[in-house]
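The structure appears right after this line, and notes come after that.
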Amino acid sequence: MHCVIFITAGSKEEADKLSRGLVEEKLAFCVSTIPKIQSTYFWEDKIHVDEEFLLIVKTRKDRYADLETWVKTNHSYEVPEIIALPIEQGLPAYLNGIDDWVTKN
């Protein structure tokens, strides 16, 4: 019913834009930003090491497809990291907050 989604962004400005947009569009209840993570990854035939921002998005599983579409449209990366993990358990009042804010599909 609920999930956490990891999204990386290349700048604070982009992280702020994505976070605010996801909440304003009611695609997410809360987005936490972890600044200045180091990402090491393979892309276009070489290894890259970049400083990024990690967004931790709390939402409903049934909103994933719409969230993914919105992020792909509004993200500067050609292939942004968008990875969903299920929330197995959580404080009921917090999970209710997700349900109350995030528009149901």
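Based on this model, can you work out whether residue 26 counts as in contact with a helix residue (DSSP H, G or I) (Cβ under 9 Å, 6 or more places away or on another chain), surrounded by fewer than 16 Cβ atoms within 10 Å (Cβ to Cβ) and of a type outside the set (Gly, Ala, Ser)?
Criteria met by residue 26.
List, please: which pairs have Cβ atoms under 9 Å, are six or more places apart or on different chains, and start with a residue in region 28-42 that is of a type in the set (S, T, N, Q) and end with one that is at pLDDT 95 or above and part of a loop (DSSP other than H, G, I, E, B)?
If the second residue must be at pLDDT 95 or above and part of a loop (DSSP other than H, G, I, E, B), the pairs left are 39/81.
Just the residues that are without any contact (Cβ under 8 Å) to a residue 60 or more places away in the chain and surrounded by 16 or more Cβ atoms within 10 Å (Cβ to Cβ), please, taken from region 67-105.
Selection gives 68, 70.
Check 88, 68, 52 and return the single one that is modelled with pLDDT of 95 or more, more than 19 Å from residue 8 (Cα to Cα) and either touching a His at 6+ places or on another chain (Cβ under 8 Å) or among the charged types (D, E, K, R) (or both).
Within the list 88, 68, 52, the selection yields 88.
Could you check how many residues of region 46-65 are under 12 Å from the mean Cα position of the chain (by Cα) and either more than 15 Å from residue 6 (Cα to Cα) or in contact (Cβ under 8 Å) with a residue 60 or more places away in the chain (or both)?
Here the count works out to 1.
The values are calculated or read from the model by the stated rules, or taken from the named source; none is laboratory data. Everything numeric in this text was worked out from a predicted model, so none of it was measured. Cβ atoms come from the backbone with ideal geometry, glycine included; neighbour counts cover every protein chain shown.
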